[in-house]
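Here is the structure we will look at, set down as structure tokens.
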Amino acid sequence: MGLDIPDGEPPLSIDLDRSQSLRVEWADGKVCTFTLETLRANCPCAECRSERERGIAPWPKKNLLVSQELSAVGAELVGNWGLQITWHDGHGTGIYAWGVLRTWAGLDDPS
Ligand SMILES: [Zn+2]
């Protein structure tokens with residue numbers, strides 16, 4: 001009933017397998033799974049966005065000091081509207097809004 005939820009209804013449940021994937025179950029009964037690679041490669045933070053604009057893939061990193069095996073070390077709900085994931089290399093500024101995840105999964109048209 002909130003007036004300022006910008007982007008989609010929160011899911012019923014979220015299941016993060018820290019070495020594999022994120023599974024999201026929505027209020028309308030739809031379920032979708034995102035691999036960690038997909039999430040990281042499409043990280044919505046400003047830094048990764050600008051890398052993609054310059055044609056650089058945010059993941060895998062060219063930096064070999066960082067393990068190329070992607071894993072999530074943490075995940076936190078951000079208000080009512082999204083999920084913030086912290087990655088094994090310390091990156092964690094991207095917030096995955098519910099509406100964006102639904103669009104990626106093909107459940108909603110991009111608005
Ligand atoms: Zn990022």
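The values are calculated or read from the model by the stated rules, or taken from the named source; none is laboratory data. Here the structure is a predicted model, which means the values were calculated and not measured. Please note: Cβ atoms are built from the backbone with ideal geometry, for glycine as well, and neighbour counts cover all protein chains shown. To get the accessible areas, we keep the full protein, side chains included, count just its heavy atoms, and leave off ligands, DNA and RNA. Shrake-Rupley method; radii C 1.70, N 1.55, O 1.52, S 1.80 Å.
A few points about this structure:
Residue-wise test of (1) within 11 Å of the ligand (Cβ to nearest atom); (2) free of Cβ contacts under 8 Å to residues at least 24 places away in the same chain; (3) in contact with a helix residue (DSSP H, G or I) (Cβ under 8 Å, 6 or more places away or on another chain); (4) over 21 Å from LEU16 (Cβ atoms).
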position: GLU37; (1), (2), (3), (4): no, no, no, no
position: ASN42; (1), (2), (3), (4): yes, no, yes, no
position: ALA46; (1), (2), (3), (4): yes, no, no, yes
position: GLY55; (1), (2), (3), (4): no, yes, no, yes
position: ALA72; (1), (2), (3), (4): no, no, yes, no
position: GLU76; (1), (2), (3), (4): no, yes, no, no
position: ASN80; (1), (2), (3), (4): no, no, no, no
position: HIS88; (1), (2), (3), (4): no, yes, no, no
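- ILE14 assigned to a strand (DSSP E or B), under 16 Å from the mean Cα position of the chain (by Cα) and farther than 19 Å from GLY106 by Cβ: no
- Residue match in segment 59-67 (condition: polar (S, T, N, Q) and touching a strand residue (DSSP E or B) at 6+ places or on another chain (Cβ under 8 Å)): no
- Count of residues meeting criterion [open to solvent by 80 Å² or more (accessible area, probe 1.4 Å) and in a loop (DSSP other than H, G, I, E, B)] in segment 37-67: 4
- Residue match in segment 98-107 (condition: out of contact with any Leu (no Cβ under 9 Å at 6 or more places or on another chain), surrounded by 15 or more Cβ atoms within 10 Å (Cβ to Cβ) and part of a loop (DSSP other than H, G, I, E, B)): yes
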